[in-house]
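The values are calculated or read from the model by the stated rules, or taken from the named source; none is laboratory data. On a predicted model such as this, the values are computed, not experimentally measured, just so you know. Here the Cβ is made from the backbone with ideal geometry for all residues, glycine too, and neighbour counts use every protein chain on show. All accessible areas refer to the heavy atoms of the entire protein, side chains included, with ligands and DNA or RNA removed. Shrake-Rupley method; radii C 1.70, N 1.55, O 1.52, S 1.80 Å.
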Amino acid sequence: MRARTGATAVLLTASLLVIATAGPASPAAAAVKFTAKRIVVSNGKARAVIDKRQFRLVFRLRGRTVLRELRPPRSTTPAPLPSTDDPEPYTLERHPDNAVYAPLTYEVGGEVHAQWESGLWNGNTLFDRRSGTVYGARRVISAKQHGDGVRLVLATSEGGRRLVARIDPDRHGGLRVRVRPSSTAGVITVGDSFTAAPGEGFHGFGGTHGTSDKRGEKIYADVVQENLGGSETLVPGLALFPLLVSSGTSYSLAELGGVPSPTELPGGFERYLFPNGMNAAYYPQAEFVSNRGYGFLLNQTVRSRWRMANDRGDTWQVQASGSRLDYTVFPAHGPRRALRELTAVSGRHRLPPGWAEGPTLSRTVQSPALPGQPPAENPASYRAKIEQDLADIQRYGLRISAYGFEGWGMLDLAYVRSVIARLHAMGIRAILYVRAYVSDDALATQPPGDFEETERLGLVATTASGAPYEFEGNGGSPSTLLDFTKPATVAWWRQRLGLLTGLGADGFMQDFGEQVRDDMHFADGSTGVSMHNRYPVLFHRVSRQILDRWAAKHPKRGPIWFFVRAGYSGRPGSAAYEMGDFPGDETVDWGAASGLRSLAPDMLNRAVGGAFGYTTDIGGYIDSLAGPPSEELYNRWSEWATLTPYFRVHNSAASGVRMPWSYDDATLARWKTLAELHQRALPLMRRLWRKGRRTGMPVTR
């Protein structure tokens, strides 16, 4: 297929990227009204209506109901639920959900959350096993105005225990609901259930693949890494990996139900991701927009479960781990307005400097083909590849904006400075690499000695006893995680980023952030349970603040750009601090699970949550199963990326980077044509991005 060029392509872009219209924000005029049957909390635009006798919460806008809780069930005798794995090992959904749908529920019992301890999925959930009884709100016992909102005490189906609820006006037209049991003893989850209208669509949830409407699906909002397409090669190969969890417990395959069979994979090979299922994401967002005209934001970073009309078509449910629930509903006149209000709170990507969106080439560090093998790269070989790249860029007349080289840490800093100076002389910006964990591993992306220095200075997450928390990183090397709640760590990170900007770097690939374990401890008193999803938000916020201050002192250098892998939502979430993110390590294939066809839904889903700046690895990255990208796959991947915000070559972890000149002359000519088309489309995309900053409407939609 030949690439579209010229005016036709620009018209196609314009038709795909429709300019949004949205009016100004409504003024808030909060009020609380009490009657014999109901309580109404208003923010001047929308209302939360509380039925007192048979508790139910309804959200209304100008007389229209946009969202309502289910009514309490007729039965008042809760029964203990059987032991439930949710998610199950490998998210196979072999067993019933055992979900209880009712307004404001809480579960009392026990929970075991198991995580992978080593290998590619370090810190990922293996399973979450719960056993207990679910209770729920029954009626309002007392109500008292509290500020602009109301404080409720609710009778529950448990009897002695109560629920204490706060319902208040929130920013940007939202209505916020905060709930906790009067006693938190034994409470392992708190949730809520709402009616799902026929045909209602649920859009968002971050960087999930497969679909752009999550109706009929189940989501476990948990930052995870390295989920790969469920290929016939990968799944039977599970037996090669040790199944260890952070508590030190080891599980055999038999205990976990055995190796998954192809017929068990939800969505089949076409959509399944191993080991965390179809909706596994490096960058989940606990937020969505409904086409019914409301946005929903979970104001918590704990792991959460979402059932979006999957086992009951008339309802959807959210459950937060722990002993409280905190969410905001944004009622609005249509999904565009809901999107605007939601992302005004949760955050939107900043507009990057213009050069960052231009055609970019990246020289990755070639990794060992299998764990335990010797490094595939050394300083001499890596330096030779950089030199060859610079020569080939000039030889083939490529007009690129930026060049990234990740392995700067294995090179002499004087040489790094000289390469950056040569790039600048060629009119090309320089991108270097940083990451959240510290290790002297085979990736060689940080200077030798970082591991020992950060441990000696106490800059990393610890065990309960205060010792550095070491885990197995890439290739089995000991690794630690930087603790950004500690001022000394922030100061060390400021020095590191200052070193690289001082060498002339114009931007960074800011990698990882998914490896937090439940039993890690941080300087602010957090454990990994609450920090797991919060960590990437903190990581990116610290970097943005450091780089903004640096740029203010060096105005001629302009803003420093960085793009990320891990992320999460919040008030604001990580999107507020970023200018771009990539979908994680895509596999070198055509598939909808993690290959080429996974990109469009991923890009659209995270854009709903304000993460507009999507940048894919042209050609795909994980090639240990399929080998390097074929010429046709490389061409099609390049075509796909052309009319997206970024156009960046980054591929083939094990077999080595394929540059545009790595194939025949026709592929090189095609890539150059596509790069020119991308450059012509950038003024339109940047106009849309500026408008998106004001309205929340994504650049790509």
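Here are a few things to note about the model shown:
- Out of V112, V66, sole residue that is under 28 Å from I167 (Cα atoms), of a type in the set (V, I, T) and in contact with a strand residue (DSSP E or B) (Cβ under 9 Å, 6 or more places away or on another chain): V66
- Contact map, segment 545-558: residues that are free of Cβ contacts under 8 Å to residues at least 60 places away in the same chain paired with residues that are not in a helix (DSSP H, G or I), Cβ distance under 6 Å, separation 6+ or inter-chain. Pairs shown: L547/I560; A551/P559; A551/I560.
- Taking the conditions (1) open to solvent by less than 10 Å² (accessible area, probe 1.4 Å); (2) at pLDDT 95 or above; (3) farther than 22 Å from R686 by Cβ; (4) among the hydroxyl-bearing types (S, T, Y) in turn, S630 satisfies each one other than (1).
- Candidates R429, R399, R417 - the one that is in contact with a Phe, Trp or Tyr (Cβ under 8 Å, 6 or more places away or on another chain) and open to solvent by 10 Å² or more (accessible area, probe 1.4 Å): R429
- 3 or more residues of a type in the set (D, E, K, R) and at pLDDT below 95: qualifying helices (runs of 4 or more DSSP H) within segment 473-577: none
- If you go through segment 441-483 and keep only what is surrounded by 16 or more Cβ atoms within 10 Å (Cβ to Cβ), in contact with a Phe, Trp or Tyr (Cβ under 6 Å, 6 or more places away or on another chain) and touching a residue at least 40 places away in the same chain (Cβ under 8 Å), you end up with T445, A461, T462, S479, L481, D483.
- Residue check for A46: touching a helix residue (DSSP H, G or I) at 6+ places or on another chain (Cβ under 9 Å) and modelled with pLDDT of 90 or more: yes
- Residue selected from segment 82-110 under the condition at pLDDT below 95 and assigned to a strand (DSSP E or B), by the criterion surrounded by the fewest Cβ atoms within 10 Å (Cβ to Cβ): T84
- You will find that of V318, V329, the residue that is open to solvent by less than 10 Å² (accessible area, probe 1.4 Å), outside any helix (DSSP H, G or I), closer than 30 Å to Y294 by Cα and in contact with a Ser or Thr (Cβ under 7 Å, 6 or more places away or on another chain) is V318 and no other.
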